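Asker: I have a structure here, written as structure tokens, and I will follow up with some questions on it.
The values are calculated or read from the model by the stated rules, or taken from the named source; none is laboratory data. Note that the structure is a prediction, hence the values are computed from the model and not measured. With ideal geometry, Cβ positions are generated from the backbone for all residues, glycine too; neighbour counts draw on all protein chains shown. To get the accessible areas, we keep the full protein, side chains included, count just its heavy atoms, and leave off ligands, DNA and RNA. Shrake-Rupley method; radii C 1.70, N 1.55, O 1.52, S 1.80 Å.
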Amino acid sequence: MPSSKNQKTPDIEIPYQYRRTSYEYDLPKELIAQYPLENRSGSRLLQLGRQSGSINHTQFSHLPELLHEGDLLVINRTKVIPARIFGKKTTGGQVEIFLLNHLEGSRWECMVRPSARTRNGSRVIIGEGFEAVVGDRTEEHNRVVDFEHDGDFWQQLETYGKMPLPPYIEREAEDKDRQTYQTVYSEQRGSVAAPTAGLHFTPALMEQLREMGVEFKEVILHVGLGTFRPVRTEDIREHQMHSEFCIAPPQTATAVNLAKRDGRRVIAVGTTSMRTLESFAEGGELLSGEKWTDLFVYPGKQIQIPDGIITNFHMPGSTLLMLVSAFAGFDNIMEAYRQAVEMRYRFFSYGDAMLIV
């Protein structure tokens, strides 16, 4: 039969490392962590050799034994905001407002549910002295929302907002999630999802690392809902990332470039830190600045800055799994995940961790 110009390209013509289905794996539902461990650094840690593919199993609290004096860890100091708000329209209908991007003043880009039944100009009563007026649709099919509030906006949000736990945590957010779904070094408000690799660090562990000569420097990447956006194209190279705002401070760029020149390791704490470093990389050096990045890192993309990464275990078919595959090699990552499932590691945001060096 003659081929049609509109006929879909067969999977076999897409190299396996670019095929979305290559990144699927079987994960028993009970391995998806619904709650964090009592002790942040008490999680398990899978150590993967980036070049050799060697795998060792240890505890996150043993991280000082795996790092070297002079290593530079780059952390993301974004802070998760209680982005889920529930209210009632003046007509009585229930509305959920999910904050996404701060636009200006008290104006935000938000997801609004039910969107179709919430007309432009609809007023939503959230609480005493806290209301929202829903406006136009954005290019991403979200809504512009203007908040009217007595006193400080952030205080009202802390009072009435709920922490935005990811959809695979199948429970309502609880008060303790305000602390546990936040790194101990979080500082700058703006994320709707935590940079979860950092959840394993405690102040005591960080101090222990500093005392042995490990350096910490910061970046900011405000994590958006795009981190959970599924890849729908069979050829992953056709996937378009949502943009997220990130900052590489001058002091971080200086420290990273000095470490690279000295031959010391730069280790990204989390995929968000890695994406920020690579978003500001030019000719093997780190530039400073701030920008919106839609960088998508997948196998075949050159990694310029990090020599290592600390990360959690990611969802099947996700852009995050593709990123770590770009860094450590597809085969190495899939074997590490196979062993993690076999050994019943805890997966995703509140789960266990991996060190790739």
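Asker: Charges only on Cβ, +1 for Lys and Arg, -1 for Asp and Glu: so what's the dipole of region 180-230 about the Cα centre, in debye to the nearest 20?
Answerer: The dipole of region 180-230 has a size of about 280 debye.
Asker: For region 30-166, state the average projected area of the convex hull of the C-alpha atoms over all orientations, rounded to one decimal in nm².
Answerer: Computed as one quarter of the Cα hull surface, the answer is 13.5 nm².
Asker: Under a point-charge model restricted to the Cβ atoms of Lys and Arg (+1) and Asp and Glu (-1), what is the dipole moment magnitude of the chain relative to its Cα centre, in debye to the nearest 20?
Answerer: For this selection, approximately 700 debye.
Asker: Classify region 94-244 as rounded, prolate or oblate, taking a ≥ b ≥ c as the square roots of the eigenvalues of its Cα gyration tensor: rounded when a/c is under 1.5, otherwise prolate if a/b is larger than b/c and oblate if not.
Answerer: oblate
Asker: Relative to a virtual label point 7 Å from the Cα of K88 in the Cα→beta-carbon direction, which members of region 116-157 show backbone nitrogen distances below 15 Å?
Answerer: Counting backbone N atoms under 15 Å from the label point, the list is 123-132.
Asker: Among the aspartates and glutamates, select those whose C-alpha is under 14 Å from the C-alpha of K162, and discard any that sit fewer than 8 residues away in the same chain.
Answerer: Result set, ordered by chain and number: E96, E172, E174, D175, D177.
Asker: If the elastic network links every pair of Cα atoms under 10 Å, which of R143, R237, R119 fluctuates the most in the Gaussian network model of the chain?
Answerer: R119
Asker: Leaving out ligands, DNA and RNA, what percent of the accessible area of region 51-198 is carbon and sulfur, probe 1.4 Å?
Answerer: Carbon plus sulfur share of accessible area: 42 percent.
Asker: Rounded, prolate or oblate for region 30-79? Axes are the square roots of the Cα gyration tensor eigenvalues, ordered a ≥ b ≥ c, and the cut-off for rounded is a/c under 1.5.
Answerer: oblate
Asker: Which one, A255, I55, S22, is farthest towards the positive end of the dipole of the chain when Lys and Arg carry +1 and Asp and Glu -1 on their Cβ?
Answerer: S22
Asker: Can you tell me what share of the DSSP beta bridges in the chain is antiparallel? A percent to the nearest 5 is fine.
Answerer: Taking every DSSP beta bridge within the chain, about 70 percent pair in antiparallel fashion.
Asker: Taking the alpha-carbon distance from K176 and a cut-off under 13 Å, which aspartates and glutamates remain once sequence neighbours fewer than 8 residues away in the same chain are dropped?
Answerer: Within reach: E38.
Asker: A further question follows. State the answer as a single residue: which of P166, G105, G135 lies farthest towards the positive end of the charge dipole of region 86-174, with beta carbon charges of +1 for Lys and Arg and -1 for Asp and Glu, about the Cα centre.
Answerer: Of the candidates, G135 comes out farthest on the positive side.
Asker: Sticking with this one: Farthest toward the dipole's positive end in region 278-357, which of N332, S349, G300, given Cβ charges of +1 (Lys, Arg) and -1 (Asp, Glu) about the Cα centre?
Answerer: Farthest towards the positive end: S349.
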